[in-house]
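Derivation of every value follows stated rules applied to the coordinates shown; laboratory data play no part. Bear in mind that the values here come from a model prediction, so they are computed numbers and not experimental data. Every residue, glycine as well, gets a Cβ built from its backbone with ideal geometry; the counts of neighbours run over all protein chains shown.
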Amino acid sequence: MRIIDAHTHIGNFKDDFQPIFTLAKRLNYEKFAVMSTQCGNLLQNLAGALCKIKHPGVVYAFGGLDYQTGRSMREQAEHLKALGYDGMKMLEGKPTTRRKLNLGVNDPIYTDYFKFCEETRFPVLLHIADPPEFWDKEKVPPWALERDWYYNETEVPYDKYYEEVAETLDRHPRLTAIFAHFYFMSDKPEKAQRFLDEHPNVFIDVTAGIEMYENFSLDPNFWRAFFIKNRDRIIFGTDSTDSAEVPAEADPDGKVDLRGYAGMEIEFLSSDKTIAIYGKKIRGIGLPEDTRRRILSDNFYNLVGEPKKIDVAAVKKEAEFIRGFLKNDEDKKTLDYIAAELG
């Protein structure tokens, strides 16, 4: 069965992105999409372009917005689409990014940008909020505390993120929006269903958060029915990366990859067995073949089609434009490497 991982990340230039291709080969991916975090790293869009150029027909790239070059949000989206990107990625809705930018997705700065994406059916994948327990000192897991992912009373409240999205979707009802990590609503199944019913152009992806799969495991029969009912609105993604710092690990039968939970997610969709991962026990929902095919590949492919061809000459110009905004020698060396690879 064809698999397209619609949510991965890259940045390991020195290894030519190979770790994620090793993962893709082992799990039989046909294609995968790399998501830019340009809002925090000006080299991310170039990374996606380079990966696409080196692996044509295999890699999709979703570009990100920057807040340093002075270009409007709409201008950036228009430019990225013209360069051959396949969509946009917004990490702006994650609370740690919100701390830096202090902008909600309903801010007027994004109005023309969303209008362009809506009118051109240029898909946008959004990370909004985080698991609700990250706002509760008694419930936030230790690993999240270590990453500074506890949000106290001085932070933007959890519910406000959803109010801002509701306002944005009211303004742009035809926006093709994919909400990462099941929109952090795996503990609110009625709300998740209502959200899909009220917004026919939105999708949710199944990229872990382990808390999401723990919630699914509390009532696998309910969630199996939910996935079947909404089989045209759910997209497979894993958050896998090309980091080479930690070697890939697998369970004894080689099915579960701990980096990005990639194998676990496939097994969860395919089997009703119990899956052991990171000390947790996840219960699969064993979906029918037609439902799995739609979630694992068809839904994303129907939105995006084949990976667009990158305009190499235009990317070279973009690389030289970005050079003037880089502030440290390491980034400049990385850009030199990218430029050399572009030819």
Percent RCO, i.e. relative contact order, over the chain, from Cα pairs under 8 Å lying at least 6 residues apart: 20
The chain: calculated mean residue ellipticity at 222 nm from DSSP helix runs of at least 4, using -39500 (n - 2.57): -12000 deg cm²/dmol
Choice from ALA319, ALA262, ALA77 with maximal GNM fluctuation in the chain (Cα, 10 Å cutoff): ALA319
Kirkwood Rh in Å, taken over region 1-89 so that all alpha-carbon pairs contribute: 13.3
Cα shape, region 81-219, gyration tensor, a/c 1.5 rule: prolate
Normalised per residue, the volume of the convex hull around the Cα set of region 260-343 (Å³): 163
Beta bridge orientation in the chain: antiparallel %, DSSP, nearest 5: 20
Region 10-26 - phi-based ³J(HN,Hα) in whole Hz, Karplus 6.51/-1.76/1.60, Gly and Pro as x: 9, x, 8, 4, 4, 9, 6, 6, 4, x, 6, 6, 5, 4, 4, 5, 5
Highest average packing first - 14-27, 188-201, Cβ atoms within 10 Å: 14-27, 188-201
Note, ³J(HN,Hα) from phi for region 191-203, Karplus 6.51, -1.76, 1.60, rounded to Hz, x at Gly and Pro: 5, 4, 5, 5, 4, 5, 5, 7, 10, x, 9, 9, 9
Dmax and Rg, reported as Rg then Dmax, of region 121-176 (C-alpha, Å): 14.2, 42
Additional length obtainable on full extension of the chain from ASN302 to GLU30, 0.36 nm per residue less Cα span: 96.4 nm
Cα gyration tensor shape of region 6-48, rounded if a/c is under 1.5, else prolate or oblate by comparing a/b with b/c: oblate
Kirkwood Rh and Cα Rg combined as Rg over Rh, evaluated for the chain: 0.94
Of every Cα-Cα pair in region 157-221, the percent that sits beyond 13 Å: 67
All aspartates and glutamates inside 18 Å of LYS280 as judged from Cα atoms, apart from same-chain residues fewer than 8 positions distant: GLU133, ASP187, GLU211, GLU214, ASP219, GLU249, ASP251, ASP253, ASP257, GLU265, GLU267, ASP272
Förster radius 41 Å - calculated FRET efficiency between LYS100 and MET1, Cβ distance, rounded to 0.05: 0.55
In order through region 208-224: 3J(HN,Hα) via Karplus (6.51 cos²θ - 1.76 cosθ + 1.60), integer Hz, x for Gly, Pro: 5, x, 5, 4, 5, 6, 5, 5, 4, 6, 5, 8, x, 5, 4, 5, 4
Radius of gyration, Dmax [region 39-103; alpha carbons; angstrom]: 12.4, 37
